[in-house]
Every structure is written in C-alpha cells, then in structure tokens.
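Have a look at the structure below, then the notes.
The values are calculated or read from the model by the stated rules, or taken from the named source; none is laboratory data. Just so we're clear, the structure is a prediction, and the values are computed from it rather than from any experiment. A quick note on method: Cβ atoms are made from the backbone with ideal geometry, for glycine too, and the neighbour counts reach across all protein chains shown.
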Protein chains: 2
Amino acid sequence: MSYRAPLQDMRFVMQELAGLDRLASLPGFGDTGGEVVDAVLDEADRFASDILAPLNRIGDTERARWQDGVVTTPPGFRDAYLRFAENGWNGIGCDPEYGGQGMPKLVTTAVYEMWKAANLSFSLCPMLTSGAIEALMLRGSDAQKQMYLHNMVSGKWTGTMNLTESQAGSDLAAVRTRAVPAGDGSYRLTGQKIFITYGEHDYTENIIHLVLARTPDAPEGVKGISLFVAPKFLVRADGSLGARNDIRCLSIEHKLGIHGSPTCVLSYGEQGGATAYLVGEENRGLEYMFIMMNAARFAVGLEGLAIAERAYQKAVQYARERIQGTDIAGGKDKVAIVRHPDVRRMLMRMKAQTEAMRAVAYVVASAQDAASRHPDAGERARNQAFVDLMIPIVKGWSTETGNEVASLGVQVHGGMGFIEETGTAQFFRDARITTIYEGTTAIQANDLIGRKIGRDGGRALAALVQEMRALDVDLATLTGADAQRMRALLARGVAALERGGRHVAEQYGKNIRAVAAGSVPLLQLMGVVCGGWQMARALLAAQRRLAADGGDRGFLHAKIATARFYADHVLVGAEALAETVIDGGDAVLAMDEAAF
Amino acid sequence: MSYRAPLQDMRFVMQELAGLDRLASLPGFGDTGGEVVDAVLDEADRFASDILAPLNRIGDTERARWQDGVVTTPPGFRDAYLRFAENGWNGIGCDPEYGGQGMPKLVTTAVYEMWKAANLSFSLCPMLTSGAIEALMLRGSDAQKQMYLHNMVSGKWTGTMNLTESQAGSDLAAVRTRAVPAGDGSYRLTGQKIFITYGEHDYTENIIHLVLARTPDAPEGVKGISLFVAPKFLVRADGSLGARNDIRCLSIEHKLGIHGSPTCVLSYGEQGGATAYLVGEENRGLEYMFIMMNAARFAVGLEGLAIAERAYQKAVQYARERIQGTDIAGGKDKVAIVRHPDVRRMLMRMKAQTEAMRAVAYVVASAQDAASRHPDAGERARNQAFVDLMIPIVKGWSTETGNEVASLGVQVHGGMGFIEETGTAQFFRDARITTIYEGTTAIQANDLIGRKIGRDGGRALAALVQEMRALDVDLATLTGADAQRMRALLARGVAALERGGRHVAEQYGKNIRAVAAGSVPLLQLMGVVCGGWQMARALLAAQRRLAADGGDRGFLHAKIATARFYADHVLVGAEALAETVIDGGDAVLAMDEAAF
C-alpha cells in the first residue's frame, strides 16, 4: 500500500466537526447530500491512490527536465494530468458557469488533501491554475473570462502566478518587470520572473500566465504594481491559438524537493516584449493578490496536513513490518517495532498532529463556505472574520507541523529512513518548501499580529477564545480520565492563548518590533491551542457517539486516545509559548547586530 | 567565507566553563598550556576552513561512487585526507606510544567540532578509524596492536566498524555473520554487513575492519557475539601487505545526505571466508562495543553541534547580505533581513542552541579527561558517573537540536534555502542521519532511563540536579534583568528535571513501558535544562569578566543576551516536558495497536 485516503477520519471531521450537513442548507450547494459527497470522496481516493501516488517517487527520481527552453515532466505525469482533467477533477471547486462543479470548499478541501498527499509535485499544477482562475474570475473583464476560463476550468490550459523576482521575494513592492502600453489596448512585458511553478511544461497546448508588473508611470512601491494576463500562445478571437508569445523558460531550479514539478525562471520580452493584457485596474495588482491570498495560503496549509498523513501511513506500515528487538517489558520473542514505546510515541505524535491539522483545516474550509454562501449577512461576516484570523494558522502552523511529522516519519524508519529508495526521505524533503512558499511562516505571523489582531484590537481573537471556552460546558459533562485531562489542558491552553493574544493586541501599537519578535511563537501557540480545541470537540463527539452506540467503536476509542495524547504531548506546551510571546520579545532584539 | 571555527566561543567555553586550566594539572597532559592549545586550535581552524570546508559541497554533488567493487571518493577528498594524515591530525587524541599526540579530550573535542562543521562526510573516516583504534587499544593482543595501531594512528591505514546487518540494526543480538576457526588461530568470516561507513574507499592502501560475528558454538543472542579484526589486505609479519582478503564492497547507499562518505554493503567470504582474527575473548564482542560506545556517541553528538554552527554561520551571512523589505517599525529604506524581528529570532535561536550544545559537550569532554586522568579515585568515579549520565544527552539532544537548527538555517534563506546550489539544504540533509546512527534518539533515551537512571535509582541524576541548584548562590549575586530572568527560569527548569527524573527512577521497576514512552521527552528535558545550566554559567562568567573589565566587551554582552534568549525561548519549555514525562506515558500506550 502506497497511499489510501483516510476516508474514515475525513468523514468524521466533515460530519462531526465541520458541519457537512449544514452545507446542504446553504444556497447553491444543493447536491452535497451525503451520497454525492461520499461518491466524490471515493472516486478521488481511487484516482489519488491508483494514479497519482505511484507516480510520486518517479517524479522525485526522474524529475522535471529542461532543455533549450522546453520542459519535460517526469514519465507518467502528462498522462495522469490528461486523465485528471478528463475526469473533471480540475474544476470541482469552480463556477458552473465556466464548466466547474461548484463543490463546497469543505468537499474540495478533502479532495485536495488527497492529491497533495498522493503526489505533491503533481498537485501544484492544478493548484496554480486554480489561483489564476480565481484572479480572472475576480477581476478579469468579461472578454478575458470568456477567452480563458472555460479552458482553464476544464484543464485544457493551465495557469501560473508570476510574482517573484530575484530582488522581490517576500517584498513584492520591489517588482521591476515593466509593462508598456502597445497602443492597441495590450501591453508589452519585459523582465525576469523566478520560482514560477509549472511556468513551462508539456501537459497542455497553452499556459495562461498571471504576471505582476509596473506600467511606465506607476508610483513607487506597492501602489504601482499591476496585474496582467499573458498567454504562452496568443488566443485568437475565435478561441484558436495564434503566435507564440515572447516568453521563454530560461531554466528550472535544482531543488531540495518537489522534483516532479518544474520551478521555472521565465524571461519576458527578450524579443521586444511579451504581449499581455491588464487585469482589472492599473496599480491595483497587489491588492488583487491579497484578495486571492486566503485561498493560496489555505491550499499550502493543506500541504502540511497532506504530507503528514502520507508520512504517517508509511511509518505505520514500516513499524508493523520491521521486526527488531524484544518487548522492553520482557519476553524473548522478537517484535515488530510498533511494539516499542518510543516508536508508538512517534506514531501517536504523527497521528495526533495530523488529525488536529485536518480538523482545523476542514473547520476553516466550512467557515469559508458559510462566509461566501450564508443567507445572513451577520453570519457571513462572522465566518469571514474567523477565516481571516485562521488562514495564517492553517498555513503557518500546519506547514511547520507537517515538517515535524515528516521528520518523525524518517526517524521511525531508523537507518532505512536515510536511504532514498525507502521513500520517506522524499516526504521530508518535499515538506520543507511548505513553510516557505506563499509567504514564509514569519510572513504569516506578521499577518496574524498585524491585519488579524493588531488592526481590530484583538476582537476576532477574543471571539475565538470565547468560542473555545464555551466548549467547556460540554466537556464538563464527560466522564473518564481522558476527557478530564483534555478539559484541564484545553482550559490552560485557552487561557494561555488569551494572555498571549491580549499582549499582542495591547503592545502592537506601542512596541511593534518586540511584538513581531514573538509573532511566530504566537502563531505556534494559536495553532497548538486550535488543534487542541478541535481534538477536544472530536473527543466529545466520539464519546457521545459511543454513548449512543453509533459508529465504529474501534475508531471512536482511537479518536479519544489520540485526543488525550494531543493534550498530554502537544497542548501541554501552550503555556511556555505564551510566556515566550509575552516575555521573550526583548531577548530577540537585545543583542548588537554586529555580534551575530 | 564558507566556514571559520568559532574560536572565541570555543576558548570562552574551554576556559570559563570546561576548566581548561585545570587540565594542565592532570598527569599526562603536560603540554596543554594556553599557548599550545591556542596553536592547535588556530592550525585546526586553518585546515578546516581552507582545506575541508571548500570540499563540502563538492562531496555533496559529486558523491562517492561505486563501480565493480571499487569506491572512488569525491574529487579532492583523497588529497585532503593525505594532507590531514601528514599533518598529524589523525592521531591527536591517540596514545603517544603508537605515534599519537595524546591531547586531552577537551582539546580534541574542539578540533573534531571543526572537522565535522567543515565537512561532515570527510570527518567520518577519521572518526571510524578512531573507533577501531580504540577497540584494538582496549582489547587487542600485543601482536595485533603492533601490527595495526601505528599505521592506523598515523592515518596510513583507516579503520571501520562492522556492526549492522539487514536484520540487525538497533538490535545487534540478531547478528548472523559467521566466524569459523580455520585451525591456525585465525577465523573465516562469512556474511553481509550494511551501513559500513568508509567500508571501501581510495584514500589508503589498507582498511582495517572490526567485525561482529558469531562463532559456531556461540550462545544465542547478545552473549554469543565476538569481535574480529579483518584487514582488506592481509598484513605480513614484517608489516608489508599480503594477499587481498575475501571482502568485497557490493554497493554503496543512495542517501539523503552525507553523500561524500561511502556507506557500504560489505560481503565477507564469497570465496570461502574472509581471514579474521579474534579480538579479546570469544562471545564478549557486544560488551567491548559498549565500552567504546561513549566515545562514538559523544562524537556523533558533536556532529549535531557542528552542523548547527555551520548552518548558523551561513544563515548569518545571508541575513546580512539579503536586502528585502523595510523595517517593521517604520522607514522607507530597504533593509537587510537581519533587521526583521523574526529573522533575528531564528538567528538567536540558532546561536543560543549552538552555544548551549557546545558548552554541554565541552564540559562533558573535560569530565572525560578527569575521569581518565584525575589522581583521586573518587574524583575519577564522580566524573565518570557524570559522563555516563550525560552521553545520551550529548548524543540525543545535540543531534535533535542540530536538526532543528539546520532547518532554521533553511528558513532564514527563504526560497533560496530550498535551492540546492545555495548550500544550506545540504546541512539540513546531512544533519538528518545524526539522530539515527550510533543509536537512534530512542536508543539513547532508553540508555538514559535504564542504565543511567533506573539502575542507580536516580542517584547520578540527583547529584547533577544538586550541582545545578548550587549555582543559584552565584546567580543570586548578579544584578540586571537578564540574570534574574535566567535565574528564575533555571530554578524552574531544574525543579522540572528533578520531578521528571524522580518519576522515572521511581516508576522504572514498576511500569517500564509507560516510563519508556516518556523517555525521549525526558532526554529532551534534560538536554534543555543542562543547556540552560551551562548558559547560566556562561552568563555568570561573562558578567564577572565585565565587572573585572576583562575581555572583549562586545562578546561578553552578546553572551549575556544569548543566555537570556535561551532562558526565554528554550528553557521555558522544561516544565511542559516534565509534565509529559510524568503524565504522558499512558496516552502513548492506550490505543489499540490495530488502530494505527
């Protein structure tokens, strides 16, 4: 077994924690009844397990290759992509007006988790296309929508996001690519973009590039950046392909991981200027990017979860098969290493954190559905505030945790984990990009303390703390040591989060450098406590189901044990994180810079 | 700058924390006065920086290669090795009777840190030779010593340790390689060994393999394993080389990291049996291995420290050079990223943990010198107990922490960190083996709770706790917020360690599986608190030197700020670890194994 979607846990989280049933009542989500969703998940599992997962290691070893501007993807990837598009997977979350299936975010989230777990490198192409689709949906003209969206939704064409330049990484204000009006309504782009995922490939006949650039009279900095669309092949009015655009792939990167996906250097305008069209209004490109940022960051957060799940499955398999040593409690028989307490501890840590990440991500996905579709404006706003607050957590905490889990996966394998043929090292390498792209963990933390806490004086966070606290009433009704321990540790964790968040809200305007120095610890604190909150809800749901005699008892007991583990081994760290947030800022800043 | 030894910190730790001056009073360490040690460190820095460090990336990209049983090391490695041996570095810690320089462990520790930081793959060959030398010194016959040791100490020949087989990794009791008496006093070995570092290479004319194997009538399990010496080329009585032995390198591993060092599969006896000679007594091989284990584990612990230092230096350099964004506190100028609070936090975390690891390792090195050379038997025993207790910490905690620091190094580089050409990804990959080989972290933790705490009822740990507590008298004399905060957090950390240790000592005989489930958290707790103890001592020494107007004020102020950071960001986690040790064991074991 290489990978199977964890359907039982996915369904548990969707139903018990993320309110799948409530989605059906939202307008526009008519066909999301249990059977439809079940069928989608089953089909997605088959595609992920049978088609994508077996290609994952091939992608790692064979890699995307570049020669003379042409990029060849690893063997099997192109065929898999064509089937993927043919089966309609590319547009499951897209607007039906352009051929999409308009599935709720909660459902697409579970499906995307599968693609990412099965084959992260493969999954990046649809993810980037999805971002480009969203940009055109949001700000493209009707003509642009008609010209590009049908083929992008169907997967006939793919999309890219061209943001980064060598001097403009986290700081997009430094973008230098130039866009000069050609006089016919189009622009000519010149400049070089780096780190362009699937900027060139052999899947499809066309690639639609979304590009940040500056017009000649644009103001300096963030307010002078515009968004353009520039297809690899120009598209005629009748939809047929015209001339090749002046865009060339100069090279692809030699990376630590995700070898299957080409990360391109794209040169625009070597022959005078690449033809491009303004999307939306001039000088508002960065603003448009920010609108799309939630979706992109959420998607990368899912990568942390997905790699963790994949690494966990592989580690469990190895731990059951590998015979080594005897039981520390006695006996002469050699045992599978899953019997050894520390191997169990590692597996439990992998499992507990993976399930916590899944629960948090799916709950946030469900809130995105409510934020966009709920008939009540107040409910939409409330959900949107929660989503905005949580995006940096889903991105930052899940990717940091995904790295930890992938590393534990290597450790479970012992010496074999270090051997590339074993395959678990790939997850460890692939995971490493996730805390970096779409904004590093520090960028997420900055967003958290600034736009999400500082700006509203901590109100959204206070509302979240209150919601977490409200759970205590239910937890108090539960019996048993597991529930009591979880209840106690969650209360301490929530109090710690409240202290840390209040400190940030109060100090943000006064001592911003010290607050920023504690921003990543705060993000971690919030992730750890939100994970605990969801695991507590899971424990509650599992105990209730058991009491009502409903469901797979083994699964429910395991959920309770896993929640308890999370409390004792992860949530227990919340208070120290809060202390670092509150008292640790000065220590970051005290030393002379020259002394590093 | 690729790497420079951190000589100022090394000297500070040696002098202020590890009692370098006291070494001169120990018998046999006559020429370790300040000037001699200074000269050795300066020379070693030059060799590490100028010769070894530039080869590190070449080793990674060109890798050791295997063809038809012949291993070719990466370009430049062989020449570097020959100079290394020629300059006498191979034997600096060895017995002068065989041509070594007999330097104290404290001095060789600093020197080894440099080799490992400059080029981990290169350093493994002398490290393994050193282990083989120690085995022969300890248990070899006089004839064996005469035959092998001079050439191994000089570096003319190298040595290996052949322990692992595919079914015998952590569990060496499962070794199957057979050793049959040949009737002439020698044995014939047949079997296959894996993961043999530098088991074959092109540095030297001969390789001396130390091999674990079973004689025909050996009892089952650990008590039936013997140690043999088997040279690649047989050595005639006059010291000249004879026939090639029946040992073949079948392949080398394709690994996540340390690509420059060949990790070999060695086949013994394909043509009837490799000629080998028993070392020491039959069936005592594992016992001999355990005698050498402290040195080997200590050496791997240094690798965690060394890679952390290397990753830190590279990250600092990048953070000073990379211009991106503006100061969060205001201003329009673009700044180097070292100005951003979270980049500083990451660099401080790297620096603080690296310095803490160095201090702990050097203090343990110094105790090894006292344990072997102190004229007073009580002092020798006291130091040996401390060393024994601390070896799993130096190995387990330093390598886990080294991995964390190497990962932070990638993060500081942002997107460039994921690009292999940048070089920091290599440290991240190389570091990953260190928590695995010479006993995984779990194996160290098992040693800690069993042989080091359970066996003596926690006495050695209680003595350590008492020693740490005694420091409070001195800390209480210090003024300033940094010292007060460190004092408070160290007191809490020591109390947490005492609670955790006492729990383990009390429960070890009663509930061994639950105690084992908390063993790695205990190891981490002990590492974190020992690091805090040494950083507190460093803060104390720095404040005293400043008060006495002695030394580089910038360095001393930085040491104080770094200690304060360690307290607020690392030591603060001790209490949660103790809680996990005490309360978290059951949660590891509760779930049905089938539910994974």
Mind counting the residues in region B:534-559 that are crowded, with 24+ Cβ neighbours inside 10 Å and at the interface with chain A (Cβ under 10 Å from one of its Cβ atoms)?
1
Could you look through region B:451-460, keep only residues that are of a type outside the set (A, V, I, L, M) and crowded, with 18+ Cβ neighbours inside 10 Å, and pick out the one that is nearest to the other protein chains (Cβ to nearest Cβ)?
B:454
Among the residues of region A:56-63, is any among the aliphatic types (A, V, I, L, M) and surrounded by 18 or more Cβ atoms within 10 Å (Cβ to Cβ)?
no
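Being within 14 Å of chain B (Cβ to nearest Cβ) and assigned to a loop (DSSP other than H, G, I, E, B) is the filter; apply it to region A:166-194 and report the residue that is nearest to residue A:266 (Cα to Cα). Spell out the reasoning first.
Filtering region A:166-194 down to residues within 14 Å of chain B (Cβ to nearest Cβ) leaves A:166-176, A:193-194.
Adding the requirement that they be assigned to a loop (DSSP other than H, G, I, E, B) leaves A:166-167, A:169-171, A:175-176.
Details: A:166: 12, A:167: 15, A:169: 15, A:170: 18, A:171: 19, A:175: 14, A:176: 14 Å.
It comes out as A:166.
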Report, by residue number, each residue of region B:426-443 that is more than 7 Å from every other protein chain (Cβ to nearest Cβ) and either in contact with a Leu (Cβ under 6 Å, 6 or more places away or on another chain) or among the aliphatic types (A, V, I, L, M) (or both).
B:429, B:430, B:431, B:443
Hits in region A:356-385 (condition: surrounded by fewer than 20 Cβ atoms within 10 Å (Cβ to Cβ) and either within 13 Å of the chain's Cα centre (by Cα) or part of a helix (DSSP H, G or I) (or both))
A:372, A:373, A:377, A:378, A:379, A:380, A:381, A:382, A:384, A:385
Assess whether residue A:523 counts as being touching a Ser or Thr at 6+ places or on another chain (Cβ under 8 Å) and under 23 Å from residue A:487 (Cα atoms).
yes
Residue pairs qualifying under the 7 Å Cβ cut-off, at least six apart or on distinct chains, with the first in region B:344-355 being among the β-branched types (Val, Ile, Thr) and the second being at pLDDT 95 or above, are B:354/B:305; B:354/B:308; B:354/B:309; B:354/B:312; B:354/B:405
How many residues, within region A:398-441, are over 13 Å from the mean Cα position of the chain (by Cα), within 14 Å of residue A:308 (Cβ to Cβ) and of a type in the set (Ser, Thr, Tyr)?
2
Looking at residue B:395, is it surrounded by fewer than 24 Cβ atoms within 10 Å (Cβ to Cβ) and at pLDDT 95 or above?
no
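So is residue A:298 surrounded by fewer than 21 Cβ atoms within 10 Å (Cβ to Cβ) and not in a loop (DSSP other than H, G, I, E, B) or not?
In short, no.
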Which of the residues that make up region B:244-277 are surrounded by 23 or more Cβ atoms within 10 Å (Cβ to Cβ), among the aliphatic types (A, V, I, L, M), part of a strand (DSSP E or B) and within 30 Å of the chain's Cα centre (by Cα)?
B:247, B:266, B:276
Could you check how many residues of region B:308-330 are among the hydrophobic types (A, V, I, L, M, F, W, C), at the interface with chain A (Cβ under 9 Å from one of its Cβ atoms) and closer than 20 Å to residue B:434 by Cα?
0
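Please count how many residues of region A:543-596 are among the hydrophobic types (A, V, I, L, M, F, W, C) and either over 27 Å from residue A:519 (Cα atoms) or modelled with pLDDT under 95 (or both).
So in region A:543-596, the residues among the hydrophobic types (A, V, I, L, M, F, W, C) come out as A:546-548, A:555-556, A:558, A:560-561, A:563, A:565, A:567, A:570-572, A:574, A:576-578, A:581-582, A:587-591, A:594-596.
Among the residues that remain, those that are also either over 27 Å from residue A:519 (Cα atoms) or modelled with pLDDT under 95 (or both) are: A:546-548, A:555-556, A:558, A:560-561.
Final tally of qualifying residues: 8.
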Residue A:489 vs. criteria closer than 24 Å to residue A:384 by Cα, crowded, with 24+ Cβ neighbours inside 10 Å and of a type in the set (A, V, I, L, M, F, W, C):
no
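Looking only at residues that are touching a residue at least 60 places away in the same chain (Cβ under 8 Å) and within 11 Å of chain A (Cβ to nearest Cβ) in region B:400-409, which one is surrounded by the most Cβ atoms within 10 Å (Cβ to Cβ)? Spell out how you get there, then give the answer.
Filtering region B:400-409 for residues touching a residue at least 60 places away in the same chain (Cβ under 8 Å) gives B:400-403, B:405-406, B:408-409.
Okay, now just the ones that are also within 11 Å of chain A (Cβ to nearest Cβ), so B:400, B:403, B:406, B:408.
Details: B:400: 22, B:403: 25, B:406: 29, B:408: 23.
The qualifying residue surrounded by the most Cβ atoms within 10 Å (Cβ to Cβ) is B:406.
Within region A:207-216, does at least one residue satisfy the condition of being free of Cβ contacts under 8 Å to residues at least 24 places away in the same chain, farther than 30 Å from residue A:77 by Cβ and not β-branched (Val, Ile, Thr)?
Step one: filter region A:207-216 for residues free of Cβ contacts under 8 Å to residues at least 24 places away in the same chain, giving none.
Checking region A:207-216: not a single residue is free of Cβ contacts under 8 Å to residues at least 24 places away in the same chain, farther than 30 Å from residue A:77 by Cβ and not β-branched (Val, Ile, Thr).
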Here the residues within region B:410-425 that are buried (at least 24 other Cβ atoms within 10 Å of the Cβ) and more than 9 Å from every other protein chain (Cβ to nearest Cβ) are B:412, B:424
